[in-house]
Every structure is written in structure tokens, then in C-alpha cells.
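The values are calculated or read from the model by the stated rules, or taken from the named source; none is laboratory data. Source: prediction; values computed, not measured. To get the accessible areas, we keep the full protein, side chains included, count just its heavy atoms, and leave off ligands, DNA and RNA. Shrake-Rupley method; radii C 1.70, N 1.55, O 1.52, S 1.80 Å.
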Amino acid sequence: MSLIQLGERFTGQSLIAGNAAFAFVWGIGGIVGSPATGLAMQLIGHQGLPLSLGLLCFVLAVFLIPQLNRP
């Protein structure tokens with residue numbers, strides 16, 4: 001869905017830059033997210049997975065709140 005939104009909102013160089021940024025963040029999430037969740041599960045136990053997902057949702061919400069206040 002986010003790539004569809006990206007394609008609908010941007011064209012040309014902005015679309016290329018947005019797609020590159022999306023791919024970069026996706027790759028970082030794949031490299032860092034899985035080991036971090038595994039570490040949380042080793043340290044906390046089976047509750048590490050939902051806590052990791054909850055933390056991720058919280059971080060995303062913190063980054064999205066300023067976007068809601070934009071005109």
C-alpha cells in the first residue's frame with residue numbers, strides 16, 4: 001500500500017528518490033528487526049515478540065504525529 005501511495009503522490013525524480021528511500025528502510029528493517037526481536041525473545045522470553053512489535057508501533061506513531069498537524 002505504501003508503494004502505491006508513493007506512486008500516486010510523486011513523479012519523476014521524487015518518485016525515484018522515494019522508492020530508493022523505501023527500499024533502504026525496508027532493508028534496514030530486515031537486517032536489524034529480526035535479530036533485535038530474537039534478542040528480545042532471548043532476554044524476556046516469549047513476550048519479547050509482542051513487546052518488540054508494540055515498540056515498533058509506538059515509534060511509528062511518534063513519527064506520524066507531526067504529519068497529522070501539517071496543513
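Decide, for the chain, between rounded, prolate and oblate: order the square roots of the alpha carbon gyration tensor eigenvalues as a ≥ b ≥ c, take rounded if a/c falls under 1.5, and otherwise choose prolate if a/b is larger than b/c, else oblate. Oblate, because a/c is 1.5 or more while a/b does not exceed b/c. Membrane-span-like helices of the chain, defined as complete DSSP H segments with a Cα extent of 20 Å or more along the helix axis and a mean Kyte hydropathy of at least 0.0, are identified as 12-44, 48-68. A 1.4 Å probe run over the chain, with the rest of the protein chains in place, finds 85 Å² accessible per residue. For the chain, set up a GNM with springs between Cα atoms under 10 Å and report which of S14, S52, S34 has the largest fluctuation. Looking only at S14, S52, S34, the largest GNM fluctuation is found for S14.
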